[in-house]
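Visitor: If you scroll down you'll find the structure; I have some questions about it.
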Amino acid sequence: MIEMHLASDKETLGRQAAALGAQAIRDELARHGEATIIVATGASQFEMLQHLVAAEGIDWSKVTAFHLDEYVGLSESHPASFRRYLRERFMAPLNNAPRFIPVDGEGDPQAAVEQLNTLIAGRRIAVCFAGIGENCHLAFNDPPADFETEQPYQVVSLDEACRQQQFGEGWFPSFEAVPQQAISMSIRQILKSELIILAVSDTRKAEAAKAALEGPVSNLAPASILQTHKRTVLFIDPAAASLLERKG
């Protein structure tokens, strides 16, 4: 069952999500001397990342950070590039920067996948920060998502609803400009994380949140698979929680 915390607003949501994640990183460093994390991108993560990079007591030089996904064929200089997003919002504010493993879809995507799969193989993932798409996707695993592959990363096709969300959030000048493929962390790799922290906000995520928390586990609502995870904690604002029967 997904643990849920209803925050009063997006700022509080981000602060609470970052606090839990920061503590998980500190605990991991204390136990193992190093930590591997997965960081997310998108409009839902702005506040969380702002608070995470300000967290005290983390030796970021001992942290390795992967991220969930990136568009195929997109330059890092493009405003929608997720590796650009993370370099600006996650890496740049940190004086003692972590080791950052970017998902680079600009060259040969299959070669990038193979390299990423080698780099992440066998790693213990202390915490994965994530969001939920308007179509209930998890990373770029759009419905019907592949729940079976053991590959950590794979090349995926983006459905129309996903591409419409990216355009609607202002990352691209037109719907046609949104790439049709991406490199995404797989569902099974995400589920290997010791802790998954979800930050979900805005009315446009309400239907997806309901499907993820209260619907059946189905690859047609990919984030619903988190109902089976050992520890997923959701931070959600009232707008995104507006269709839920659960209130806590």
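The values are calculated or read from the model by the stated rules, or taken from the named source; none is laboratory data. Predicted, not measured: the structure shown is a model, and the values here were computed from it. Positions of Cβ are generated from backbone atoms using ideal geometry, with glycine treated the same way; all protein chains shown enter the neighbour counts. Please note that ligands, DNA and RNA were not included when accessible areas were found on the heavy atoms of the full protein model with its side chains. Shrake-Rupley method; radii C 1.70, N 1.55, O 1.52, S 1.80 Å.
Visitor: Assess whether Phe82 counts as being of a type outside the set (Val, Ile, Thr), in contact with a helix residue (DSSP H, G or I) (Cβ under 7 Å, 6 or more places away or on another chain) and closer than 21 Å to Gly131 by Cβ.
Guide: Answer is no for this residue.
Visitor: Find all pairs meeting these conditions: Cβ atoms under 6 angstrom apart; at least six residues apart or on different chains; first residue within the stretch 95-108 and more than 20 Å from Val63 (Cβ to Cβ); second residue buried (at least 17 other Cβ atoms within 10 Å of the Cβ) and acidic (Asp, Glu).
Guide: Here the result reads Gly105/Glu70, each pair linking the stretch 95-108 to a residue that is buried (at least 17 other Cβ atoms within 10 Å of the Cβ) and acidic (Asp, Glu).
Visitor: For the stretch 109-134, which residues satisfy the criterion of being part of a loop (DSSP other than H, G, I, E, B), open to solvent by 10 Å² or more (accessible area, probe 1.4 Å) and closer than 29 Å to Arg26 by Cα?
Guide: Within the stretch 109-134, Ala121, Gly122, Arg123, Arg124, Gly131 qualify.
Visitor: Out of the residues in the stretch 40-73 meeting the condition of being touching a His at 6+ places or on another chain (Cβ under 9 Å) and within 25 Å of Thr203 (Cβ to Cβ), tell me which one is least open to solvent (accessible area, probe 1.4 Å).
Guide: Ala40
Visitor: Would you please name the residue that is nearest to Arg204 (Cα to Cα), looking only at residues in the stretch 137-158 that are outside any loop (DSSP other than H, G, I, E, B) and open to solvent by 30 Å² or more (accessible area, probe 1.4 Å)?
Guide: This residue is Ser157.
Visitor: Within the stretch 41-62, how many residues are more than 18 Å from the chain's Cα centre (by Cα) and in a loop (DSSP other than H, G, I, E, B)?
Guide: Within the stretch 41-62, the first condition is being more than 18 Å from the chain's Cα centre (by Cα), and the residues that meet it are 54-62.
In the following step, the residues that additionally are in a loop (DSSP other than H, G, I, E, B) were identified as 54-59.
So the count comes out to 6.
Visitor: Then there is this: Only one of Ala30, Ala24, Ala65 is farther than 18 Å from Gln166 by Cβ, in contact (Cβ under 8 Å) with a residue 40 or more places away in the chain, of a type outside the set (Val, Ile, Thr) and not in a loop (DSSP other than H, G, I, E, B); which? Can you show your working first?
Guide: Values: Ala30 fails: in contact (Cβ under 8 Å) with a residue 40 or more places away in the chain; Ala65 fails: in contact (Cβ under 8 Å) with a residue 40 or more places away in the chain.
On inspection, the qualifying residue turns out to be Ala24.
Visitor: Quick check, is Asp142 more than 18 Å from Ile37 (Cα to Cα), in contact (Cβ under 8 Å) with a residue 24 or more places away in the chain and not small (Gly, Ala, Ser)?
Guide: So Asp142 fits the description; yes.
Visitor: Being modelled with pLDDT of 95 or more and closer than 23 Å to Pro173 by Cβ is true for just one of Gly105, Gly73. Which residue is that?
Guide: Gly73
Visitor: Quick test for you: out of Glu88, Glu106, Glu76, pick the one residue that is of a type in the set (D, E, K, R), open to solvent by 10 Å² or more (accessible area, probe 1.4 Å), under 24 Å from Gln181 (Cα atoms) and part of a helix (DSSP H, G or I).
Guide: Glu88
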